[in-house]
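Chemist: Mind having a look at this structure? Questions to follow.
The values are calculated or read from the model by the stated rules, or taken from the named source; none is laboratory data. Model, not experiment: these values are computed from the prediction. Cβ placement follows ideal geometry from the backbone for every residue including glycine, while neighbour counts extend to all protein chains displayed.
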Amino acid sequence: MAMADSGALVGHGRLAVDSGTGRAHGKAILLGEHAVVYGAPALAVPIPFLTATARATRVPCPDDGGEGISFTIAGPGPAASAPLPGDGTRQMLAEFREATGFSDDLCVDVVVDCAVPQGRGLGSSAACARAAVLALADLCGFGLDAATVFRLVQASENVAHGRASGIDAVATGSDSPVLFRSGVVQELSTNFEGRFVIADSGVGGSTKEAVELVRRRFEHDAQAKEEFVSRASGLTGGAVRDLEQGDLAGLGARLTENHVLLQELGLSTDRIDRLVAAALMAGSPGAKISGGGLGGCVIALAGGPGAAEELGRTLREAGATRTWIVPMRRLASHVD
Ligand code: MEV
């Protein structure tokens, strides 16, 4: 499915109710982050139990006019209570108005309860934006199609990341693992039995800074960019075959190789490298940094549920502040 293809608005947009809700969830990138910004494919899995839930409520307009739409984010993390709109949200709202004809006379409070931790490469900005877009659309009685939701979330993501590939905007709304390339999405249905342990290094990273660091690195070195994109593309393509064939060892080796590529770009940290080493020492078939980098999370492959629980324990002993288990298949379990 090509996300840029359509953009239709389904429904009439009457404000029939006083409140609307929207939901999204976190995601983890298996392979291809950063390279996906330059047209390479990337693979991501949804994290359905890390949710972002938004409620948009119609409120009386303040006498001074105000913003019309006010945003608050509730949930874990130091920046969680920061009021929005930030620049990304403003851009998203401007495009929402344009797409839907949402009236300037309406005043709405949007509260997003976000369990996706911020700055961990798990898609919190996209999940919040997606939940907010869906809540506003629900309030107004608009049925937005997938391409319009994508475009609106991307309006916010392009500001949040500096330059966003779109993979987070898609994966935070998908029930299945996704293969994403240049705006084209393939939802993968897989029987792969492996599980992924996600381990929080305890230190946040900024995707925007990371994307900018990579941009500067490639600005004057076209060959480095070409090599990175080509090697990452090969790894992601190989990983899709590994998933089809149930090849745990093959997939693990590609994850670790992708970690080295991202490490060479300066996107890893000592803590992350220690967690990757601890996972490999403990017998994980492969591990890497996941998401924007400069902090955030490690994703490590494990076999069955017992191995994943054990790997999670090992990673917490090695310094991870918390871990989660995400199966490749849809049903998720959770370890803290
Ligand atoms: C962030 O989750 C993934 C990056 O590749 C940025 C993007 O694709 O927008 C680092």
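Chemist: One residue is enough: does the range 170-181 have a residue meeting the conditions closer than 26 Å to G266 by Cβ, more than 14 Å from the chain's Cα centre (by Cα) and outside the structural domain of E317 (by TED's automatic domain parsing)?
Modeler: Within the range 170-181 (the criterion being closer than 26 Å to G266 by Cβ, more than 14 Å from the chain's Cα centre (by Cα) and outside the structural domain of E317 (by TED's automatic domain parsing)), the answer is yes, since at least one residue qualifies.
Chemist: Also, I was wondering about something else. Return the pairs, sorted by first residue and then second, in which the second residue is among the basic types (K, R) and not in a helix (DSSP H, G or I), the first residue lies in the range 121-138 and is in the same structural domain as I73 (by TED's automatic domain parsing) and within 9 Å of the ligand (Cβ to nearest atom), the beta carbons are less than 8 Å apart, and the residues are 6+ apart or on different chains.
Modeler: L122/K27; G123/K27; A126/K27
Chemist: (1) under 14 Å from the mean Cα position of the chain (by Cα); (2) of a type outside the set (D, E); (3) buried (at least 24 other Cβ atoms within 10 Å of the Cβ): which one isn't true of N158, the others all being true?
Modeler: Going through the list (1) under 14 Å from the mean Cα position of the chain (by Cα); (2) of a type outside the set (D, E); (3) buried (at least 24 other Cβ atoms within 10 Å of the Cβ), N158 breaks only (3).
Chemist: Here's a follow-up. Run down S182, S189, S103, S174 and say which single residue is surrounded by fewer than 24 Cβ atoms within 10 Å (Cβ to Cβ), free of Cβ contacts under 8 Å to residues at least 12 places away in the same chain and not hydrophobic (A, V, I, L, M, F, W, C).
Modeler: Among S182, S189, S103, S174, only S103 is surrounded by fewer than 24 Cβ atoms within 10 Å (Cβ to Cβ), free of Cβ contacts under 8 Å to residues at least 12 places away in the same chain and not hydrophobic (A, V, I, L, M, F, W, C).
Chemist: Failed condition for A82, given (1) surrounded by 12 or more Cβ atoms within 10 Å (Cβ to Cβ); (2) modelled with pLDDT of 80 or more; (3) more than 16 Å from the ligand (Cβ to nearest atom), with all others met?
Modeler: Evaluating A82 over (1) surrounded by 12 or more Cβ atoms within 10 Å (Cβ to Cβ); (2) modelled with pLDDT of 80 or more; (3) more than 16 Å from the ligand (Cβ to nearest atom) leaves (2) as the failure.
Chemist: Kindly provide the set of residues from the range 290-336 that are farther than 20 Å from R254 by Cβ, modelled with pLDDT of 95 or more and polar (S, T, N, Q), ordered by number.
Modeler: Within the range 290-336, T314, T321, T323 meet the criteria.
Chemist: Let me ask something else about it. Out of the residues in the range 139-151 that are at pLDDT 90 or above and part of a helix (DSSP H, G or I), which is nearest to the chain's Cα centre (by Cα)?
Modeler: In this case the residue turns out to be F150.
Chemist: For the range 262-288, which residues satisfy the criterion of being within 14 Å of the ligand (Cβ to nearest atom) and either more than 20 Å from the chain's Cα centre (by Cα) or farther than 26 Å from R217 by Cα (or both)?
Modeler: The answer is L265, G266.
Chemist: Return the only residue of V37, V59 being surrounded by fewer than 24 Cβ atoms within 10 Å (Cβ to Cβ) and closer than 29 Å to Q263 by Cβ.
Modeler: Being surrounded by fewer than 24 Cβ atoms within 10 Å (Cβ to Cβ) and closer than 29 Å to Q263 by Cβ holds for just one of V37, V59, which is V37.
Chemist: Go through the residues of the range 289-306 one by one and say whether even a single one is buried (at least 19 other Cβ atoms within 10 Å of the Cβ), part of a helix (DSSP H, G or I) and within 16 Å of the ligand (Cβ to nearest atom). Walk me through it before giving the result.
Modeler: Going through the range 289-306, the residues buried (at least 19 other Cβ atoms within 10 Å of the Cβ) turn out to be 289-302.
Now narrow it down to the ones that are part of a helix (DSSP H, G or I): none.
No: the range 289-306 contains no residue that is buried (at least 19 other Cβ atoms within 10 Å of the Cβ), part of a helix (DSSP H, G or I) and within 16 Å of the ligand (Cβ to nearest atom).
Chemist: Then there is this: Can F218 be described as among the hydrophobic types (A, V, I, L, M, F, W, C) and not assigned by TED's automatic domain parsing to the domain that holds G26?
Modeler: The answer is yes for F218.
Chemist: Among the residues of the range 179-212, which ones are out of contact with any Leu (no Cβ under 7 Å at 6 or more places or on another chain) and of a type in the set (A, V, I, L, M)?
Modeler: V184, V185, I198, V203, V211 - these are the residues of the range 179-212 that are out of contact with any Leu (no Cβ under 7 Å at 6 or more places or on another chain) and of a type in the set (A, V, I, L, M).
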